[in-house]
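What follows draws every value from the coordinates through simple rules; no lab data is involved. This one's a predicted model, so the numbers in the text were calculated from it and none came from an experiment. Methodologically, a virtual Cβ is constructed for each residue, glycine included, from the backbone with ideal geometry; neighbour enumeration extends over all protein chains shown.
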Amino acid sequence: MCVNKIKTPNIIGIYGLPGAGKTTLLSQLRQTTETWLEEYDYYEGSEVIDSVVDGGLAAFKKLPHADKQRHRATAVRQIGRDACNNGKSALVAGHFILPNDDLDGGLQEVYTEADLETFTHIIYLKVPAEDICKQCAADMQRKRALFPVEEVNRWQDVEVEGLFHLCLDRGIVFATVSGGKEKTMQRVADLCSFWNLSEQQNSDLAVSMASRIFSSTQLELCSNILVFDADRTLAPQDSGTLFVKKGLSNGHLRQPEGMKDVLKTVFGGPLGYTHRAFQQVSVLLESFECFNETYDSICDTVSNQITIYPEMATFLSQATRDPRVIPLVVTSGVRRVWEMALQRIGLQGIPIFGGGRVRDQYVVTPQTKATIVAWLATVKTGDHRRNVTVYGDSPLDIPMMAQAGRAFVIVGNEETRSSTMDSELEKAIRSEVFGKTHDKNFETTIKQILLPSNVTPRPGLPIAELQYPMEDVPVNIAPSTAAKLLASPMRDASIAGPALQEAHAQAGRFLATQVVAQVIGLEEHIIPHVQGQNTIGYRLKAEERTLIVAMMRGGEPMARGVYQTFPLAMFAFAKYPHELATRDVVDMESILLVDSVINTGKSMIDLVEHIRAMNSKAKILLVAGVVQAGAIELEVDGISEGGSLRRKLGWHGDVGIVALRVSENKYTGAKGTDTGNRLFNTTHWH
């Protein structure tokens, strides 16, 4: 056992039949320009035996089988000690089964217990039997036993199945490689690079990818991040299980006889749910690429068997349209399958972190999931944490749930849901994984969501519904007595032009003083007193970082009244969203959108969405003389697609409504009755 505390090296066995090209492969790898391969030492098994046996290889060949096995074990243990002492990984050419010593046509096992104790990974070079027969027949330097093609095929199959079974049983990562010499060399190099990453390097790579996907601007504008597991969370199916089932059904995958579920065997074996176990699964699934059907076509077939929960599809669709929200999928399953499954329902573009390919370099372990969530919650946030909500279904999701402020366990049918989640959740709750500790300065609120809603819930967790993270939109209406007095001249048909504008400005001053100041709050500042000394004065909180937007043209007089009350604020005019530039809103703490009348609020929604694309944190207040009752109801039919103004505003963070009064009258003015025309004496306009 290696006790090198600086680095535990990979010791990779290169196996294959005599004539498969093991020696040639090692020679090619030695000569490659890949700098990271300099971290490897290369061993030809026979050369090491030559160095540890008195009399060398010639004497070894004359020994009985039992003595040969003893020396083989000594040689491989020596390789393991050397690798551990110098901290360098090793590539070792070896054999699993060889012809009998007397070359009578029989075969005998030549692997040793030391091989299984020393090797961390084994690569098997699977070469067409015809090529092996030709190579053995043409080898003039070594005397090789010659076998018929059919026999070589059987021999190779026995080796692959035997090694696969032993590796799974002993926690050794196993891969088969086939193809031409150049393709084989590149594939082995890719595998070595993939396996070279430690779990920490793996997590760092995933975070590096996240930093390239999510820009600083996107993260700064974002107020909510929604992180989803995929398998049995977005849908009741498991992509890995379907992938293996597809491989078994078409003969592209063979698992050892008597093994019912190769994935359960991997994760249920010595590797558990470790970094190496997920590497093993990635290599196993990607091995399909070496057969007739391409990896992508298998992914396509599997994705067709996945049915996204309708509730999840609607939820994700809302999230993709919300500039304040970043939805992403972090799955240990097959990334390409989930890309295709989401594309199929029109949800392409959602970032997916997932496994399945060696060329992706990283795998998604429970630790990787937790690292990504922790990074998203804290990157570029200063001292506070970003709102992150995690949706998962199994014990593999518990670490990332614990890194989020809110977590939801998706609970499906009892036949398909995780059978170990109840006990693991109970254990996590008991050990305060979700609580506030000396290592964790925040608490995680955890609930369960039933999909479909009639399934049996898990014990001990509150039940919640799958709802979009919509915030309540407070509606602040002016005191009725004052509102009646101020509204009277505004409603008087005999008043128009400057007099009506002044009535609107007066209402604006009143709303600013009595309601807006109450909602936003005040701050103290120093003012000169009439007696000569300084004293404390009050103004709107962050008044110099407040923007007042006059909704043209009917909102201008009322906005002017608000502006007169808050003279340090910035004043702007807008009829359409594009008329507000980034420079106008990006640094604002409060933004007041002022109009004389709010009917359905469509123009307000358009402007709020435009603002949120540039500033996700500012408090936005819609200030109006009158607002239609239907616009501020939470549930209403017929206002506009998607619900009332108030309900739509709930998707946009810190937004509120301030009004002088509420009207039950759904009449929309025109010509002489239009407020804008009355304000500016243009009632004759058509």
Furthest towards positive pole of dipole, ALA574, GLN531, THR112, structure part the chain, Cβ charges: GLN531
Interchain or long-range residues, amide H under 5 Å from ASN476's placed H: ILE657, VAL658, ALA659
On Cα atoms only, tilt of 366-378 relative to the major axis of the chain in degrees: 30
Crossing angle, helix 275-286 versus the chain [Cα axis fit, 0-90 degrees, rounded to tens]: 80
Cα-based convex hull, the chain, per residue volume (Å³, whole number): 220
Taking the chain and dividing mean pair separation by its residue count, relative contact order in percent (alpha carbons under 8 Å, at least six apart): 9
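Treating the beta-carbon of each Lys and Arg as +1 and of each Asp and Glu as -1, no other charges, what is the dipole magnitude of region 475-679 about its Cα centre, to the nearest 20 debye? All intermediate terms of the calculation are to be shown ahead of the outcome.
Values: 21 positive and 21 negative charges, 56 e Å.
Here the size comes out at about 280 debye.
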Net charge, ALA478 excluded, C-beta distance under 13 Å - Lys, Arg +1, Asp, Glu -1: +3
Candidate aspartates and glutamates for bridging to LYS88, where Cα separation is under 12 Å - those fewer than 8 sequence places away on the same chain excluded: GLU38, GLU39, ASP41
Given charges at Cβ of Lys, Arg, Asp, Glu: the chain dipole, positive-most of LEU271, GLY56, ALA206: ALA206
Helix 181-196 vs. the chain, principal-axis angle (Cα, 0 to 90°, nearest 10): 60
Estimated inter-spin distance, VAL530 and ARG359, nm [label 7 Å along Cα→Cβ]: 8.1
Dipole of the chain [Lys/Arg +1, Asp/Glu -1 at C-beta], most positive-end residue of CYS133, ALA370, ILE350: ILE350
Modelled FRET efficiency - R0 35 Å, THR513 with TYR576, Cβ distances, 0.05 increments: 0.70
Extended-chain gain in nm, criterion 0.36 nm per residue less alpha-carbon gap, ARG430 and LYS380: 14.8 nm
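What does the charge count around GLU524 come to, taking other residues whose C-beta lies under 13 Å from its C-beta (Lys +1, Arg +1, Asp -1, Glu -1)?
Values: positive: ARG539, LYS541; negative: GLU523, GLU543.
So the surrounding residues net to 0.
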Pairwise centroid distance, computed over Cα atoms, of region 20-84 with region 384-457, Å: 49
Cα-based reach from LYS427 at 17 Å (exclusive), listing aspartates and glutamates while leaving out same-chain residues under 8 positions away: ASP393, ASP397, GLU443
Using a Förster distance of 30 Å, the FRET efficiency for ASN153-SER297 (Cβ separation, nearest 0.05): 0.70
Close Lys-Lys pairs in region 475-679, where close means Cα under 27 Å and separation is 8 or more or interchain: 21
Per-residue ³J(HN,Hα) for region 74-87, Karplus 6.51 cos²θ - 1.76 cosθ + 1.60, θ = phi - 60°, Hz, x for Gly and Pro: 4, 5, 6, 5, 4, 4, x, 5, 4, 4, 5, 5, 9, x
Set of lysines near LYS264 by C-alpha distance (under 19 Å), chain-local residues within fewer than 8 positions excluded: LYS245, LYS246
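Local charge sum around ARG430 (other residues, Cβ-Cβ under 13 Å, Lys/Arg +1, Asp/Glu -1)?
On the way: positive: LYS427; negative: ASP422, GLU424, GLU426, GLU432.
Overall, the nearby charge balance is -3.
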Nitroxide proxy distance, nm - points 7 Å out along Cα→Cβ at ARG491 and SER51: 9.9
Distance between modelled label sites at LEU107 and GLU311, nm, 7 Å Cα→Cβ extension: 5.4
